[in-house]
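To keep things clear, I will list the structure first and then write my remarks on it.
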Amino acid sequence: MGLSSKHYPRTPTYLLPCVLALSFFSLTALLLYKVDDVASRTGTVVGHNLEPTPWHVFPAKPFDEETRQRRAYKIIQCSYLTCRSSVSGDRKRLGFATGDSKRQDCPDFFRAIRKDLEPWKVTKISKGHLMAAQNYAAFRVVIVGGKMFVDWYYACVQSRAMFTVWSLLQLLRKYPGLVPDVDLMFDCMDKPTINKTEHSSMPLPLFRYCTTKQHFDIPFPDWSFWGWPEINIGPWQEEFPDIKQGSQAVSWVNKMPRAYWKGNPDVFSPVRTELLNCNHSRKYGAQIMRQDWGAAARSGFKESKLSNQCNHRYKIYAEGYAWSVSLKYILSCSSVALIISPQYEDFFSRGLIPNQNFLLIDPLDMCPSIKRAVDWGNGHPNEAEALGKRGQDFMGSLNIDRIYDYMFHLISEYSKLLDFKPTPPSTALEVCAESVLCFADDKQRTFLSRSTASPSQTPPCTLKSA
Ligand SMILES: *[C@@H]1O[C@H](CO)[C@@H](O)[C@H](O)[C@H]1NC(C)=O
Ligand SMILES: *[C@@H]1O[C@H](CO)[C@@H](O)[C@H](O)[C@H]1NC(C)=O
């Protein structure tokens with residue numbers, strides 16, 4: 001029994017267009033409502049519709065879209081319509097021209113990967129482990145068949161989430177077809193949370209930027225290797241050569257024979273507070289300066305360029321609220337790094353050796369300890385210069401290719417421990433380079449583009465067995 005007008009010849013002819021128009025309008029209204037509803041429930045790489053991490057609260061982000069509709073449109077466009085046309089899922093394996101003979105061994109400190117994953121060597125990692133780790137995570141990354149899916153739980157401060165997700169997408173780009181399927185939980189805030197004592201019965205696997213000897217958290221390269229637009233720090237493959245060149249502007253003898261620190265002392269860091277007491281060039285041989293990021297931003301970051309900060313023979317590293325991204329820049333200077341005995345480890349700091357590529361400062365005897373290091377170096381200029389150079393060489397050997405190799409091996413070893421086959425949860429959305437760029441503002445887009453990886457001509461370095 002059809003309902004078309006043909007069977008009801010006496011239906012007034014104007015009724016059909018009216019009904020059609022009415023249905024069209026209600027459908028449109030429903031669609032708009034639906035779009036708005038979906039958009040207002042979709043978490044994004046910039047933090048739309050996400051609360052800050054409750055374990056580290058920060059001010060909510062301002063979004064630059066002017067209206068609600070524009071925001072909804074952008075979320076739908078970038079989250080749901082952008083990855084379809086992309087080719088990031090291309091599983092074409094790389095044919096390495098050079099063959100296995102040219103394979104390099106990974107640096108020694110890559111051994112830390114196995115140590116970090118040791119807690120799950122026997123138990124393996126189950127879905128239950130991941131579901132429990134979710135309580136501590138800002139997002140979940142699932143890679144299947146070379147495509148990446150992200151499930152968002154909380155927003156991350158500034159553009160950390162964007163640059164971390166980007167780093168993983170670039171890894172997939174660099175080694176197409178090589179990165180195994182994986183399912184992992186990530187927290188993007190500073191402090192490790194999986195206390196070994198409290199979680200001894202069931203260690204939880206959680207990736208973040210640092211760990212300590214008392215935590216199970218798994219360190220992963222921090223976002224700033226790909227760039228930190230908020231404070232104008234470029235990607236590592238630009239910053240390192242820049243700093244290295246800057247460090248050669250003044251010869252060792254002409255560098256200030258003092259220990260220098262510049263940073264933000266107001267980050268609830270006991271060592272930085274104590275460090276302020278060492279600000280006395282004659283008594284302690286140290287110069288401690290306050291970094292005012294507000295003023296730096298207003299002056300276009302000219303004074304805070306990292307490559308202009310290598311004019312002292314000694315540079316102090318003091319942990320902040322947790323580990324600090326500044327370690328890599330300090331070591332890159334070829335000054336002697338004076339590292340105040342750290343609590344936190346990041347992925348590469350496990351490669352540092354005291355008296356070899358840095359000097360350790362006693363936090364309980366901080367100012368005199370700095371003074372002793374400065375006096376030693378000024379009394380042994382050749383040794384001090386060589387020590388500083390070894391610190392710089394260590395950072396030089398940690399080029400961006402090695403960093404991708406670290407990520408590759410960490411993810412590969414981790415993936416071997418999963419006792420289930422990763423599949424994206426229904427709430428996760430595919431994320432690709434284009435969708436991240438779609439959400440990025442102009443400045444972020446410039447920084448992201450500068451750190452784009454290209455498919456590797458050589459295989460990853462070889463991870464030495466055990
Ligand atoms: C880990 O937890 C134990 C027991 O609650 C506590 O005593 C210890 O201070 C914690 N360790 C860290 C590094 O927070
Ligand atoms: C350290 O001393 C110098 C020189 O006296 C001064 O300019 C600087 O502001 C001091 N630093 C801090 C953090 O107070």
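Quick notes on this structure:
- Debye intensity ratio in log₁₀ form over the Cα atoms of the range 189-258, taken at each q of 0.17, 0.19 Å⁻¹: -0.76, -0.81
- Taking a ≥ b ≥ c as the square roots of the eigenvalues of the Cα gyration tensor, the range 376-466 is classed as oblate, since a/c reaches at least 1.5 and a/b does not exceed b/c.
- Going by neighbour counts of Cβ atoms within 10 Å, the residues VAL150, VAL122, VAL157 line up, fewest first, as VAL122, VAL157, VAL150.
- With a cut-off of 20 Å on the backbone N, the residues of the range 333-353 near the modelled label site 7 Å out from MET289 along Cα-Cβ are 333-340.
- Toward the positive end of the charge dipole of the range 182-228, with +1 on the Cβ of Lys and Arg and -1 on the Cβ of Asp and Glu, the farthest Cα among THR212, PHE225, PRO192 is that of THR212.
- Under DSSP loop assignment and at most 10 Cβ neighbours within 10 Å, longest chymotrypsin sites (Phe, Trp or Tyr not before Pro)-free interval of the chain: 15-267
- Where no second cysteine Cβ lies under 4.7 Å, the cysteines concerned in the chain: CYS18, CYS210
- Summed over qualifying helices (DSSP H, 4 residues or more, each -39500 (n - 2.57)) and divided by its residue number, the chain shows a 222 nm mean residue ellipticity of -10500 deg cm²/dmol.
- Here the range 132-175 and the range 347-364 have alpha carbon centers that stand 30 Å from each other.
- The range 425-466 and the range 309-336 have Cα centres separated by 27 Å.
- Set of lysines with alpha-carbon distance to LYS443 below 28 Å, sequence-local pairs under 8 removed: LYS61, LYS74, LYS147, LYS174, LYS191, LYS244, LYS262, LYS302, LYS305, LYS328
- Compared with the dominant Cα axis of the chain, that is its longest principal axis, helix 160-174 is turned about 90°.
- Residue-wise HN-Hα couplings along the range 31-43, as the Karplus relation 6.51 cos²θ - 1.76 cosθ + 1.60 with θ = phi - 60° gives them from phi, are 4, 4, 4, 4, 4, 4, 5, 5, 4, 7, 10, 9, x Hz; Gly and Pro carry x.
- Computed over the range 176-327, relative contact order equals 21 percent, with contacts defined as Cα pairs under 8 Å that lie 6+ residues apart.
- Seen against the Cα atoms of the chain and their longest principal axis, helix 366-379 is set at about 60 degrees.
- Computed from Cα atoms, the angle from the helix 381-397 axis to the main principal axis of the chain rounds to 20 degrees.
- Here the Kirkwood formula puts the hydrodynamic radius of the chain at 24.6 Å, using every distinct Cα pair.
- Of every Cα-Cα pair in the range 158-207, the percent that sits beyond 13 Å: 69
- Mean Cα-pair separation over length for the chain, i.e. relative contact order, pairs under 8 Å, 6 or more apart, %: 22
Read-outs throughout are calculated quantities, based only on the coordinates presented, and are distinct from any laboratory measurement. None of these values were measured; they are calculated from a predicted model. Cβ atoms come from the backbone with ideal geometry, glycine included; neighbour counts cover every protein chain shown.
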